[in-house]
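Take a look at the structure below.
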Amino acid sequence: MPDPSGVTRPHLSVIVPVFNEEENVPLLVAAVREALGDGDSWELLLVDDGSTDRSAAEAAAAAAADPRVRPVELARNYGQTLAMQAGFDQARGDVVVSMDGDLQNDPSDIPRLVATLESGYDLVAGYRERRQDKLVTRKIPSWVANRIILAVTGVRIRDNGCSLKAYRRAALERMHLYSDMHRFLPAFAAATAGARITEIPVRHHPRRFGQSKYGLSRIFKLLADLLTLTMIAWFRERPLALFSIGAATAFALGLAFLGWSAVAMQRFEQASATGYVLPAATLLWLLLACYLLMLGLIGEVALRRAREAKPELLPIAVERA
Amino acid sequence: MSESSPDVTVIVPVVERPTSLTALYREFAAPLRQSGRSFEFVFVSYPWFRHLTDPLGELAAQGEPIRLIEAMQGVSETALLKLAAASARGAVLVTLPAYFQTEASAIPALLARVEAGADLAVAWRWPRRDSLVNRLQNRVLHLFVGGITGGRLHDVACGVRALRREVVQEVPLYGEFARFLPLLAMREGFAVEEVQSPVHPGAMRSRVYGPGVYLRRLIDVVGLLFLLKFTDKPLRFFGLIGSVLSGIGAIMLAVLFFQRLAGESLASRPMLLLAVLLMVLGIQSVALGLIGEMIVHLTASQRSRYRLRTSPARPARPEAA
């Protein structure tokens, strides 16, 4: 599709979310320019995530000096996930690369990422071979998080926290990031777009300017998001089946309690009020089973309404040569 | 209807605490007329309040710039505001409660802020003369919303506001949340400012409401907090409640299990019933959170969850001139 402004559409869009990185922006632009050369085949989108320093002005200045740089300014600080989604929405290239704005990723890795992507993948994740970060506050939480993500999602990516990744447009059109989903973007892409995923090693530099924007990631939030992620595959097709499993479990527990109460009643011949504890617990489990079934039905209603409002794109599928 | 559109449209939703609207109009129109801005007043109300709006109709017949809009009883204040905004012809809107909150001098001050670049300016009733209960309520509210306002707003519920018309169109408003418009606008990334305004002498008598009013406000605030924090991540809310409840239930079951191993009979222990009840409640809460996540996921592609400051349609660099 020709760009309405008449400018040829670039092949590659590099997306960099920027939050309070005023010193890094000019260096970043220079590094990307050096890595990608003088051609017109790329664009650099600097997504300012409501910075309170001069980042937005630096991005505008870089754009004025080089037409391949495009600033995108968010109205406030929305967090990295939505900043990346804003970049994806604005990107014009068929291939999109995301990276951090703090210069810890090396833009000279971009051509290798793109080449790997074009050899037959929809998402290529970088992993930091020799990570230049503090051990206790950064590396260990990251290691724990990666192990949890692997265990829950089964997507074999050893470094989910590395922002340097390449995507095909087809994959991005099928995923809409929200909450903190950027933390396990490959698994999200696999669950929602059916993307073919691989990873390659990339360089990693220590931080030169500014403050690190992550801290110890909070495990509870991660777990809640991961639970959602594992359920997405079910949500998208048959929510009733998902809730039926829970309902069946509750029903089985109810039956077990029923049996227990029958045995207990036989044995003690109880007529006093305390004897009703077990039958009452039985009823609670059966109640839960009914409740979960009804929630599953509500899920079916929500799914149907959403699909009526907007039909879903088919997952990515490629015919092998 | 042929005259040119006015500078300012003043919207007065007449929903509660009715006072003499002609007196209100006379008092608030005077400083606007003095400031040299052209204006119109739009009163939106229910047929129920015709005894109040009819005198305004007479004023309009005498040539005063007054328009009356009537909606069915039961339409919310938010819907009235949107109705009025849709028919407003001024580029800048002023909202005014149908009773005296601040001095009329607040209006030109608020308008000046909007004309200087703010998206919304809200009056801060100060110095505040109000009953202890109401002041306490206000403090608690602002304690809760401090994370969004950054402590910069002191009276988000004040109904005297000036705003650009786009704000009403772009902030997702529904239910009872029009009351918190400055807060929601700030969350959408609009520039919100406040102007200290003296309290109107007519509003000075300190008022204590019935418990029903405070209960309704409490429900509003709880709804607001949920809206602001968890609409994109319901599982974090329901999951936290659910895991705490289930966790307590599981601990109690474990205690009972060890007592059973020690030879005690469980069939008559009410604690067993409580443990099962807590587990069931916890599972229900998590299941509800999952349904919430499902709705968020299914609708993720339908609305972008961020707002850009510079519209992407504007070229990143000036057209070659």
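The values are calculated or read from the model by the stated rules, or taken from the named source; none is laboratory data. Not measured: the values here are computed from a predicted model. Positions of Cβ are backbone-derived with ideal geometry, glycine not excepted, and every protein chain shown enters the neighbour counts.
Pairs linking a residue in region B:257-277 that is farther than 20 Å from A:G254 by Cβ to a residue that is aliphatic (A, V, I, L, M), with Cβ atoms under 9 Å and 6 or more positions apart or on different chains, are B:Q259/B:L266; B:E264/B:L256; B:S265/A:A264.
Contact annotation: residue pairs with Cβ atoms under 6 Å, 6 or more positions apart or on different chains, pairing a residue in region A:300-313 that is more than 8 Å from every other protein chain (Cβ to nearest Cβ) with a partner that is of a type outside the set (S, T, N, Q), are A:E300/A:P239; A:E300/A:L240; A:L313/A:R174. Does A:Y78 satisfy being out of contact with any helix residue (DSSP H, G or I) (no Cβ under 6 Å at 6 or more places or on another chain) and touching a residue at least 60 places away in the same chain (Cβ under 8 Å)? So A:Y78 does not fit the description; no.
Determine if region B:245-254 includes at least one residue that is within 23 Å of A:A262 (Cα to Cα), more than 8 Å from every other protein chain (Cβ to nearest Cβ), among the aliphatic types (A, V, I, L, M) and surrounded by 21 or more Cβ atoms within 10 Å (Cβ to Cβ). No, every residue in region B:245-254 fails to be within 23 Å of A:A262 (Cα to Cα), more than 8 Å from every other protein chain (Cβ to nearest Cβ), among the aliphatic types (A, V, I, L, M) and surrounded by 21 or more Cβ atoms within 10 Å (Cβ to Cβ). Looking at region B:268-281, is at least one residue in a helix (DSSP H, G or I), among the charged types (D, E, K, R) and modelled with pLDDT under 90? There is no residue in region B:268-281 that is in a helix (DSSP H, G or I), among the charged types (D, E, K, R) and modelled with pLDDT under 90. The strands (runs of 3 or more DSSP E) found entirely in region A:103-218 that carry 1 or more residues being of a type in the set (G, A, S) and modelled with pLDDT of 90 or more are A:123-128, A:165-168. State whether one or more residues within region A:238-249 are out of contact with any Gly (no Cβ under 9 Å at 6 or more places or on another chain) and buried (at least 18 other Cβ atoms within 10 Å of the Cβ). The answer is no, given that none of the residues of region A:238-249 is out of contact with any Gly (no Cβ under 9 Å at 6 or more places or on another chain) and buried (at least 18 other Cβ atoms within 10 Å of the Cβ). Among residues of region B:292-321 being facing chain A (nearest Cβ under 7 Å) and surrounded by fewer than 13 Cβ atoms within 10 Å (Cβ to Cβ), the one that is modelled with the highest pLDDT is B:Q302. Condition first: under 30 Å from B:R303 (Cα atoms), at pLDDT 85 or above and within 16 Å of the chain's Cα centre (by Cα). Can you find one or more residues in region B:240-248 that meet it? So far as region B:240-248 goes, no, none of its residues is under 30 Å from B:R303 (Cα atoms), at pLDDT 85 or above and within 16 Å of the chain's Cα centre (by Cα). Among the residues of region A:309-321, which ones are over 19 Å from A:T192 (Cβ atoms) and either of a type in the set (D, E, K, R) or assigned to a helix (DSSP H, G or I) (or both)? Answer for region A:309-321, where residues must be over 19 Å from A:T192 (Cβ atoms) and either of a type in the set (D, E, K, R) or assigned to a helix (DSSP H, G or I) (or both): A:E319, A:R320. Of the residues making up region A:63-83, those that are over 21 Å from B:L228 (Cα atoms), touching a strand residue (DSSP E or B) at 6+ places or on another chain (Cβ under 6 Å) and more than 7 Å from chain B (Cβ to nearest Cβ) are A:R68, A:V69. The requirement of being without any contact (Cβ under 8 Å) to a residue 12 or more places away in the chain, out of contact with any Pro (no Cβ under 6 Å at 6 or more places or on another chain), in a loop (DSSP other than H, G, I, E, B) and over 28 Å from B:P201 (Cβ atoms) is satisfied by B:G63. Screening B:V199, B:V192, B:V213, B:V221 for residues that are under 21 Å from B:V167 (Cβ atoms) and among the aliphatic types (A, V, I, L, M) leaves exactly one candidate, B:V192.
Per-residue answers, yes or no, for (1) surrounded by fewer than 18 Cβ atoms within 10 Å (Cβ to Cβ); (2) more than 14 Å from chain A (Cβ to nearest Cβ); (3) touching a helix residue (DSSP H, G or I) at 6+ places or on another chain (Cβ under 6 Å); (4) acidic (D, E):
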{"position": "B:A123", "(1), (2), (3), (4)": "no, yes, yes, no"}
{"position": "B:V133", "(1), (2), (3), (4)": "yes, yes, no, no"}
{"position": "B:N138", "(1), (2), (3), (4)": "no, yes, no, no"}
{"position": "B:E176", "(1), (2), (3), (4)": "yes, yes, yes, yes"}
{"position": "B:R179", "(1), (2), (3), (4)": "no, yes, no, no"}
{"position": "B:P201", "(1), (2), (3), (4)": "yes, yes, no, no"}
{"position": "B:P211", "(1), (2), (3), (4)": "yes, yes, no, no"}
{"position": "B:Y214", "(1), (2), (3), (4)": "yes, yes, no, no"}
